[in-house]
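Derivation of every value follows stated rules applied to the coordinates shown; laboratory data play no part. As the structure is a computational prediction, the values presented were derived from the model and not from experiment. Cβ placement follows ideal geometry from the backbone for every residue including glycine, while neighbour counts extend to all protein chains displayed.
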Amino acid sequence: AEDYDTDPMHDNSTNPTRITIPTISGVTTGLWSMKAYGYTSIASGRINCQFRLNGTTVIGWTEEASGGTIGPFMGSSDYVFTAGDYVECMVRTVAGSVNAVFDANISPYFMVAFLGNVT
């Protein structure tokens with residue numbers, strides 16, 4: 001689901017895993033901030049949260065240990081994107097039991113925000 005989509009960057013029916021970078025006020029290359037957080041059902045092991053550019057290149061990641069019956073993940077990174085680039089957030093277990101991202105009590109979030117023009 002979407003909370004805010006100010007510049008048609010996401011489509012729930014077409015490529016729902018992607019956020020596509022738009023042109024903002026004529027700016028085609030700019031600095032953007034990415035954030036993701038949520039929980040998985042992993043009770044032990046490590047959780048890896050990666051941001052991937054255009055489906056291939058990892059441009060930011062974090063890895064955290066699970067702390068109990070659920071495992072939180074949180075990632076953030078800034079990156080210079082060009083209009084038309086897209087970013088995906090990939091969450092996976094590095095070690096431990098198989099798990100799934102869930103939203104029983106707290107919904108997972110994945111977002112990007114425009115920070116400014118890059119010259």
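So what's the net charge close to residue 76: Lys and Arg +1, Asp and Glu -1, counting the other residues with Cβ under 14 Å from its Cβ? Neighbourhood net charge equals -2.
Could you rank the peptides 73-84, 21-32 by their average count of other C-beta atoms within 10 Å per residue, with the highest value first?
Result, highest mean Cβ count within 10 Å first: 73-84, 21-32.
Other residues with beta-carbon under 14 Å from the beta-carbon of residue 63 carry, at +1 per Lys or Arg and -1 per Asp or Glu, a net charge of +1. In this structure the amide hydrogen of residue 85, modeled in the peptide plane, comes within under 5 Å of the amide hydrogens of 21, none closer than 5 places in sequence on its chain.
With θ taken as phi - 60° and the Karplus curve 6.51 cos²θ - 1.76 cosθ + 1.60 applied, the whole-hertz 3J(HN,Hα) list for segment 84-90 is x, 5, 10, 10, 10, 10, 10 Hz, x standing for glycine and proline. Take the Cα of residue 107, step 7 Å toward its Cβ, do the same at residue 53, and the gap between the two points is 3.0 nm.
Would you please give the FRET efficiency between residue 63 and residue 33, computed as 1/(1 + (r/R0)^6) with r the Cβ-Cβ distance and R0 = 22 Å, to the nearest 0.05? The value I calculate is 0.65.
Taking label positions 7 Å along the Cα-Cβ direction at both residue 115 and residue 92, the computed distance is 2.7 nm, reported to one decimal. Over all other residues within a Cβ to Cβ distance under 12 Å of residue 91, the charged ones net out to 0, with Lys and Arg as +1 and Asp and Glu as -1.
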